[in-house]
1. Can you find a residue that is in a strand (DSSP E or B), in contact with a strand residue (DSSP E or B) (Cβ under 7 Å, 6 or more places away or on another chain) and within 23 Å of residue 253 (Cα to Cα) anywhere in region 176-186?
2. Being without any contact (Cβ under 8 Å) to a residue 40 or more places away in the chain and either over 26 Å from residue 205 (Cβ atoms) or loosely packed, with under 13 Cβ neighbours inside 10 Å (or both) narrows it down to one of 120, 182, so name that one.
3. I'm trying to understand the selection: among the residues of region 50-71, which are surrounded by 20 or more Cβ atoms within 10 Å (Cβ to Cβ) and of a type in the set (A, V, I, L, M)?
4. Would it be correct to say that residue 277 is open to solvent by 20 Å² or more (accessible area, probe 1.4 Å), more than 27 Å from residue 143 (Cβ to Cβ) and polar (S, T, N, Q)?
5. With the requirement that a residue be in a strand (DSSP E or B), more than 16 Å from residue 150 (Cα to Cα) and open to solvent by 30 Å² or more (accessible area, probe 1.4 Å), what does region 205-228 give you?
6. Looking at region 234-287 only, could you name the residues that are in contact with a strand residue (DSSP E or B) (Cβ under 6 Å, 6 or more places away or on another chain), assigned to a helix (DSSP H, G or I) and under 23 Å from residue 123 (Cα atoms)?
7. Given 39, 77, which one is in contact with a Pro (Cβ under 8 Å, 6 or more places away or on another chain) and either in contact (Cβ under 8 Å) with a residue 24 or more places away in the chain or in a strand (DSSP E or B) (or both)?
8. Among the listed residues 74, 44, which satisfies the condition of being open to solvent by less than 10 Å² (accessible area, probe 1.4 Å) and over 30 Å from residue 239 (Cα atoms)?
Amino acid sequence: MIRPMQATDAPDVLALLSWMDDAPEREVFAPDARDAAALHDECEDRVCLVAEGVDGAVQAYCGLAPFRDGLVLEGPLGTGELHTLLRRAVERADGLPVYAFSARDNLAVREALEDAGFTAMHATDFYTGRAEHLARAARVPAEYTTETALSPREYRSLFRTAEDGWSGRLDWTDAELRSHFARDDVRLVALRQGGRAVGFAELELNAEATRADLTYVAVHPADRGQGLGRVLLGLAAAEAAAHPEVRTLRARAHDHARPARALYARAGLTHCRSVVTYLRDDTEGEP
């Protein structure tokens, strides 16, 4: 039976989240909470459905949360009626675009997504390496200088020339960009030559983990082929390694981002996981 999630379902849903955490191939976008109180707060005012087995226990979970210009699917997570559970959740989307994220090897969920009309947009590969080791490449050529900030105009320009037009960052206002980079967990390092910004690396630190995430590396097309991506990667790793609790640096690259993938391979990062991004957009084709 498929029904709305209730407060008493929290222990069963938490068990499903632990089940997912135990195996990388089960990964889907899911609630961050890992205790009952936080799960209740996170799921409040959202569409949250569960599939109940004959014994009354929750076998699967699926939810919808606000995301970008529409919604993001949480799950489907678990076993059993994934196809039906997913379709019931999508019926609650009110025609908004729905994004979904699944591990590349999570074939059961990917089959359910495609059966429900979701289309795979791209795959994202994740790589990891020791921050201290990667920091050894942080040698800045003599004709370049480093900075820890860019103007909103320069930041957007480098994003745009790096052919990452899909990014929502291009729609952020100046105030939103300044607020983002004022966060304690965000770092930026930029390379400048003769007064011109030629590239940057953006980093996010996690106070509760031993990992830092390299969220983006951009080098202007006119300045590529000179090893500047490797320098920026090293500078970001040096910033991460300056925090004693951080041991590793994780980077990501979409399947079309060949230069970034090549950079991480040359730098010695190890591939650790792949996630496929899906979209169901019932508004396409509307006048």
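The values are calculated or read from the model by the stated rules, or taken from the named source; none is laboratory data. As the structure is a prediction and not an experimental result, all values here were calculated from the model. Here Cβ is always computed from backbone atoms with ideal geometry, including for glycine, and neighbour counts include all displayed protein chains. Heads up: the accessible areas ignore ligands, DNA and RNA and are worked out on the full protein's heavy atoms, side chains in. Shrake-Rupley method; radii C 1.70, N 1.55, O 1.52, S 1.80 Å.
1. Yes.
2. Being without any contact (Cβ under 8 Å) to a residue 40 or more places away in the chain and either over 26 Å from residue 205 (Cβ atoms) or loosely packed, with under 13 Cβ neighbours inside 10 Å (or both) holds for just one of 120, 182, which is 182.
3. Once the filter is applied, which keeps residues that are surrounded by 20 or more Cβ atoms within 10 Å (Cβ to Cβ) and of a type in the set (A, V, I, L, M), region 50-71 yields 50, 51, 58, 60, 64, 71.
4. Spelling it out, it is not the case that residue 277 is open to solvent by 20 Å² or more (accessible area, probe 1.4 Å), more than 27 Å from residue 143 (Cβ to Cβ) and polar (S, T, N, Q).
5. 211, 213
6. Selection gives 260, 261, 264.
7. Of the residues listed, the single one that is in contact with a Pro (Cβ under 8 Å, 6 or more places away or on another chain) and either in contact (Cβ under 8 Å) with a residue 24 or more places away in the chain or in a strand (DSSP E or B) (or both) is 39.
8. Going through 74, 44 in turn, the sole match is 74.
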